[in-house]
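The values are calculated or read from the model by the stated rules, or taken from the named source; none is laboratory data. Keep in mind that what you see is a predicted model, and the values were worked out from it rather than measured. Cβ placement follows ideal geometry from the backbone for every residue including glycine, while neighbour counts extend to all protein chains displayed.
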């Protein structure tokens, strides 16, 4: 039995050693700090790719919305030839032929008040075979200035900039969503980092516990050989060794799982298709007390949480939508003013006795389009118009459905914002309480571990003196291993509680020195 147990123990030890060596092969280990992991994750994490592009898309939309205040240029060019039968000898001998060509260029500018200002130059050339023409071909140019200002609907700086305001709000929301995604990633990395640290420490504790059990088993086997103890007294030591070996296998599997979790968050793969690096945390969990201020934490959360900021922007947008809906329900009253200056030139036809009715052409005075241009730009012939236009579409004046819809959406956004604030305050209270509780747990488990060490040392001395049993010593060993793991777990939980508190307050990125710029 002793030989069989020894063979089994040796085999298990070799298996465990090989597994541990494979899990932590030389040259593949990579010692990383928490800050290193955060920076790698924010650089490599695939889940952030879409979120990072979100603000860029929103910025492009905001830029497109601002383009409404860019000047607009338009050009029109056309030519036409018409032929028709002559139905009067006064018109033409056979058929009436007319050639007409025109072109137009305009510059339009939208003003922040909602007004539109435009300048237009229109020119044409007309030539015909009709009788009794005094200028043929004829050139004309007209320079026109138009101004239109809404006085009720669409009036004001906000109404004219509605698309810009909404696009800017959407961009702010997108930036807050990116900030929230970054905070979630930071927390996930921190949780994975400390869980890996705990699983490694737990494996170390179990290995030390296994060594203690094996040392006791070796001692008992020597005592059995010399006949100090009966064979039955060694069974508990052998069973405990087997049980702790099984615990180590489970702990190693947990280490691999936590390694995979952290590597996935960091998007780390082996180079050239080789094995992925084995990450080894270089930091120990924080154990010093963190100064807590519940009211300060609440104020910080209200000022820094991205979800509250996004909700506030949404509330602002819905309120603006209500203002816009009320404005759109107003009649469309607009003020219009126009000023135009025409000019005409062309080839003047000279008739006998200056009488076109004679039909006798005695000469011509050729001319081109330049005089018409000059008359138009010199404002030789001044014309103007001022007026008001009132438009009363019944669907907007009679129906108030759009206003009611916007009011309901605004009230709904306000209620959701209040609920989100209440949830944030509850999350802060729970996070602060968790930090306090977990810190107290670290102190309590530290004392429990120290007492367990003292009890095991005392029980080992009693066993040497023959005043204790193997079972009692093994029990004390298990208690010490449990106390060490409980202390480590409490430290990890304390650090995770601090991370949750930072996320609840919206300060995770600042504490990890992460900037969006």
When you check residue 504 against the structure, is it at negative phi and either modelled with pLDDT of 95 or more or crowded, with 20+ Cβ neighbours inside 10 Å (or both), yes or no?
yes
Go through region 118-152 and count every residue that is surrounded by fewer than 16 Cβ atoms within 10 Å (Cβ to Cβ), over 30 Å from residue 352 (Cα atoms) and free of Cβ contacts under 8 Å to residues at least 60 places away in the same chain.
1
In region 269-303, what residues are under 24 Å from the mean Cα position of the chain (by Cα) and buried (at least 19 other Cβ atoms within 10 Å of the Cβ)?
301
Inside region 278-382, counting only strands (runs of 3 or more DSSP E) that do not spill past its ends, which hold 3 or more residues that are under 30 Å from residue 124 (Cα atoms)?
332-351, 361-365
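Restricting attention to region 227-234, does a residue exist that is buried (at least 20 other Cβ atoms within 10 Å of the Cβ), more than 31 Å from the chain's Cα centre (by Cα) and in the same structural domain as residue 503 (by TED's automatic domain parsing)? Show your work before the answer.
Filtering region 227-234 down to residues buried (at least 20 other Cβ atoms within 10 Å of the Cβ) leaves 234.
When the remaining residues are screened for being more than 31 Å from the chain's Cα centre (by Cα), the result is 234.
When the remaining residues are screened for being in the same structural domain as residue 503 (by TED's automatic domain parsing), the result is 234.
Within region 227-234, one or more residues are buried (at least 20 other Cβ atoms within 10 Å of the Cβ), more than 31 Å from the chain's Cα centre (by Cα) and in the same structural domain as residue 503 (by TED's automatic domain parsing).
One line per residue, one yes/no per condition, for (1) in contact with a helix residue (DSSP H, G or I) (Cβ under 6 Å, 6 or more places away or on another chain); (2) modelled with pLDDT of 95 or more:
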position: 416; (1), (2): no, yes
position: 463; (1), (2): yes, no
position: 468; (1), (2): yes, no
position: 482; (1), (2): no, no
position: 511; (1), (2): yes, no
Flagged in region 124-164 as touching a helix residue (DSSP H, G or I) at 6+ places or on another chain (Cβ under 7 Å) and within 30 Å of residue 94 (Cα to Cα), in numbering order, are 132, 134, 139, 140
Can we say residue 55 is touching a residue at least 40 places away in the same chain (Cβ under 8 Å) and surrounded by 16 or more Cβ atoms within 10 Å (Cβ to Cβ)?
yes
